[in-house]
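Starting off with a structure, shown below.
Taken together, the values in this text are just the output of simple stated rules run on the coordinates, not laboratory data. Note that the structure is a prediction, hence the values are computed from the model and not measured. Counting neighbours? That spans all protein chains shown, and the Cβs are built from the backbone with ideal geometry, glycine included.
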Amino acid sequence: MSAPLDGLIVLDLTHVLAGPYASMTLADLGARVIKVERPGLGDDTRAFPPFKNGQSAYFATINHGKESIALNLKNVEDRAVFEQLLTRSDIVLENYRPGVMERLGYGWEELHSRFPRLIYGAVSGFGHTGPDSQRPAYDMVVQARGGVMSITGERDREPVRVGASIGDIAAGMFLTQGILAALLHRQTSGLGQKVDIAMLDSQLALLEHAIALTSVNRTPPRPSGARHPSITPFETFHAKDGLFVIAAGNDALFARLCQALALPLDGDPRFATNPARCENARLLKRLIESVTLEKDKQHWIDVLTEAGVPTGPIQDVAEVMRDPQILARNMVVDVLDRTGRPAYVAAGNPIKMSALADPATRPPAPRLDENRQEILDWLARD
């Protein structure tokens with residue numbers, strides 16, 4: 001079974017998360033990813049805990065199935081190898097601060113003039129244009145500046161970052177989308193193009209509802225905890241043994257909820273429409289919890305599921321990794337070691353395609369410079 005990106009070569013100069021997340025996705029779709037790392041040090045995440053047998057699980061789960069070669073692009077011999085790699089590559093990815101690749105002689109304009117079909121993907125904190133393009137950034141910086149932290153957390157408490165690194169991951173996802181679009185464009189034009197992704201831009205793209213609220217109300221939304229600011233009931237609720245979630249996103253679902261809970265709210269104007277329910281969200285929460293507090297959360301999840309009302313438990317990561325639905329979708333996979341035995345556990349590929357193999361294992365992540373000789377041998381062949 002062939003993969004959509006079989007035969008494509010990705011020359012990956014990125015490190016840490018945003019760029020490597022994109023190249024991981026491209027590898028899952030069939031591309032060959034050659035990871036170019038700093039001699040002696042490699043990707044920063046090689047030093048990130050947790051460790052198993054002296055190896056970073058963080059690095060292994062983001063860089064599985066890639067190849068590694070260590071090159072110093074200021075060294076004449078290493079530059080010669082890099083030049084050869086460029087002649088074979090379809091895509092080059094980098095996440096240096098804007099201007100670094102230009103100073104090395106490998107900026108977009110230079111590469112495009114020499115390799116017109118090459119697609120150039122760049123991901124950085126603030127992008128390659130604008131007054132702050134030279135500023136450094138990490139995930140938390142763009143979550144804060146991009147507005148995501150301002151709406152995350154409990155009302156009237158200090159802002160908090162989202163638990164997952166969405167500053168990096170969203171940028172990596174948009175970089176992947178841009179690369180795939182550039183590949184499609186190249187099929188008709190014969191030309192590559194530059195894909196310039198900013199982590200800050202990517203955060204703004206996640207704020208579709210917050211932007212709408214701010215533009216209409218002229219007041220930015222504040223954190224609302226687990227509750228959706230414009231849909232009710234759509235939040236956490238207490239049962240006898242803890243919290244679970246209910247998401248009744250329209251009038252029909254709310255009617256089903258009331259029937260399942262035996263709540264006599266039909267015809268009550270305070271809850272007849274979603275805007276009315278939003279106005280009376282606190283009262284409605286108390287009324288619902290007056291029922292749900294009587295029994296365990298699993299009882300209510302079963303009752304509401306039977307009624308067709310969206311609901312679910314609040315699972316920790318260990319519970320998620322045992323979830324039958326997650327397992328049925330092959331979303332927990334083993335990353336192998338060099339003996340072929342499972343060594344790490346990683347998230348599977350969420351892109352399910354009818355003609356794309358979805359194995360339960362992934363090849364190992366490379367050791368630093370592990371594939372040098374193999375790559376040099378490949379370059380020496382016609």
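How much length would be gained if the chain were fully extended between Leu379 and Thr273, taking 0.36 nm per residue of separation minus their Cα-Cα distance, in nm to one decimal?
Roughly 31.6 nm would be gained on extension.
Another question about this same structure. Return a whole-number percent for the relative contact order of the stretch 228-382, with Cα pairs under 8 Å and 6 or more residues apart as the contact set.
The value is 20 percent.
Under unit Cβ charges (Lys, Arg +1; Asp, Glu -1), what dipole magnitude, rounded to 20 debye, does the chain have relative to its Cα centre?
360 debye
Sticking with this one: In this model, which of Lys52/Lys194; Lys52/Lys74; Lys35/Lys194; Lys52/Lys297; Lys285/Lys352 are farther than 26 Å apart at the alpha-carbon?
Violating the 26 Å Cα-Cα cut-off are Lys52/Lys194; Lys52/Lys74; Lys52/Lys297; Lys285/Lys352.
Another question, if that's okay. Order of Asp28, Asp316 from fewest to most other C-beta atoms within 10 Å?
Asp316, Asp28
Let me check I've understood the local charge: for Gln373, count other residues with C-beta under 15 angstrom from its C-beta, Lys and Arg +1, Asp and Glu -1. What total comes out?
Net charge around Gln373: -4.
Out of the stretch 141-176, which trypsin sites (Lys or Arg not before Pro) are coil in DSSP terms and have no more than 15 other C-beta atoms within 10 Å?
Sparse-neighbourhood loop trypsin sites (Lys or Arg not before Pro): Arg155, Arg157.
Run the numbers for Leu41 and Ala164: contour at 0.36 nm per residue of separation, minus the present Cα-Cα distance, in nm.
Gain in length upon complete extension: 41.7 nm.
Going by amide H atoms built from the backbone, whose H comes under 5 Å of the H on Val345, apart from near neighbours?
Under 5 Å from the amide H of Val345: Val335.
Give me Met24, Met199, Met353, Met331 sorted ascending by neighbouring Cβ count inside 10 Å, so fewest comes first.
Placing the least packed residue first, the sequence is Met353, Met331, Met24, Met199.
Turning to a different aspect of this structure: Defining a contact as two alpha carbons under 8 Å apart and six or more residues distant in sequence, what relative contact order in percent does the stretch 234-315 show?
Relative contact order here is 45 percent.
³J(HN,Hα) across the stretch 69-75 via Karplus (A = 6.51, B = -1.76, C = 1.60, θ = phi - 60°), whole Hz, x for Gly/Pro?
9, 9, 9, 9, 6, 9, 9
For Glu83, project a label point 7 Å along Cα to C-beta. Then give me every residue of the stretch 112-135 with its amide nitrogen under 14 Å of that point.
Flagged as within label range: 114-115.
Which FRET efficiency, nearest 0.05, do Arg282 and Arg97 yield, Cβ-Cβ r, R0 35 Å?
So the FRET efficiency works out to roughly 0.15.
As a test of the formula, what do you get for the chain when each DSSP H run with n ≥ 4 contributes -39,500 (n - 2.57) and the sum is divided by the residue count, at 222 nm and rounded to the nearest 500 deg cm²/dmol?
Counting only the DSSP helices, I get -11000 deg cm²/dmol.
Related question: In a shell of Cβ-Cβ distance under 13 Å around Gly153, excluding Gly153 itself, what net charge do Lys and Arg (+1) and Asp and Glu (-1) give?
Charge balance near Gly153 sits at +2.
State, to one decimal in nm, how far the label point of Ala357 lies from the label point of Tyr138, with both points 7 Å from Cα in the Cβ direction.
So the label points at Ala357 and Tyr138 sit 3.8 nm apart.
Further, regarding this structure: To the nearest 20 debye, what is the magnitude of the charge dipole of the stretch 234-315 about its Cα centre, counting +1 on the Cβ of each Lys and Arg and -1 on the Cβ of each Asp and Glu?
I would put it at about 180 debye.
Starting from the stretch 164-242, pick out the trypsin sites (Lys or Arg not before Pro) whose DSSP state is loop and whose Cβ has at most 14 other Cβ atoms within 10 Å.
Arg218, Lys240
Kindly put Ile351, Ile179, Ile34 in sequence by how many other C-beta atoms sit within 10 Å of each C-beta, fewest to most.
Going from sparsest to densest Cβ surroundings: Ile351, Ile34, Ile179.
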